[in-house]
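Take a look at the structure below.
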Amino acid sequence: MFKLKLKNALSYNGIVSASEAKPFVEVKTKKEADAAVATGYFDIVEFPEVKDDEGHTAASLKKLNADEQKAIITGLGGDLESVNNEEERIALILQLQDEQKVDKE
C-alpha cells in the first residue's frame, strides 16, 4: 500500500478523497499513487515495505523516481543529506542493503 498525504489544500475529491481533517489516504498500486501525485494535491509519504528476501538491483532502482529512492534510503536508515543525484542514491541504497544483509548473518 502507498500512503499519500494531501498538501496545500483543504480537500480533494477525485481519484481519491481527502480533507484537511483526514489528509492521509492509501492506495494499492503505484499507478494509483502516481495518478494522485500527478494532480499536484498529494505527496507519497509511505511506500510498500521491501520483504526480507527481496533485494534491489541498480537496474530496478533506476526505474524508481527520486522520491521513491529517497524513501528506500530513509527506510534503510541512510542519510539523505549525503546524496545529491540518482547515481549517489542508488549507490547508497545498494551499500545499505549489503550492510543489512551482513548484519543479519
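Every number here is computed from the coordinates shown, using simple stated rules; none is lab data. All figures in this text were calculated on a predicted structure; none of them were measured in a lab. In this analysis, Cβ positions are derived from the backbone assuming ideal geometry, glycine residues included, and neighbour counts consider all displayed protein chains.
Which FRET efficiency, nearest 0.05, do ASN8 and ASP67 yield, Cβ-Cβ r, R0 22 Å? Write down the numbers at each step before the final one.
Numbers: r = 16 Å, r/R0 = 0.75.
That pair, ASN8 with ASP67, gives E of 0.85.
GLU86: net charge of surrounding residues, Cβ under 13 Å, Lys/Arg +1, Asp/Glu -1, itself excluded? Let's see the in-between values first.
On the way: positive: LYS62, LYS63, LYS70, ARG89; negative: ASP67, GLU68, GLU87, GLU88.
Surrounding charge for GLU86 is 0.
Cα to Cα, under 22 Å, and not fewer than 8 places away if on the same chain: which lysines meet these conditions relative to LYS101?
LYS51, LYS62, LYS70
Working out 0.36 nm times the residue gap between PHE24 and GLN100, then minus their Cα-Cα distance, what length gain in nm do you get to one decimal?
Numbers: separation 76, 0.36 × 76 = 27.36 nm, distance 3.03 nm.
Full extension of this stretch gives 24.3 nm more.
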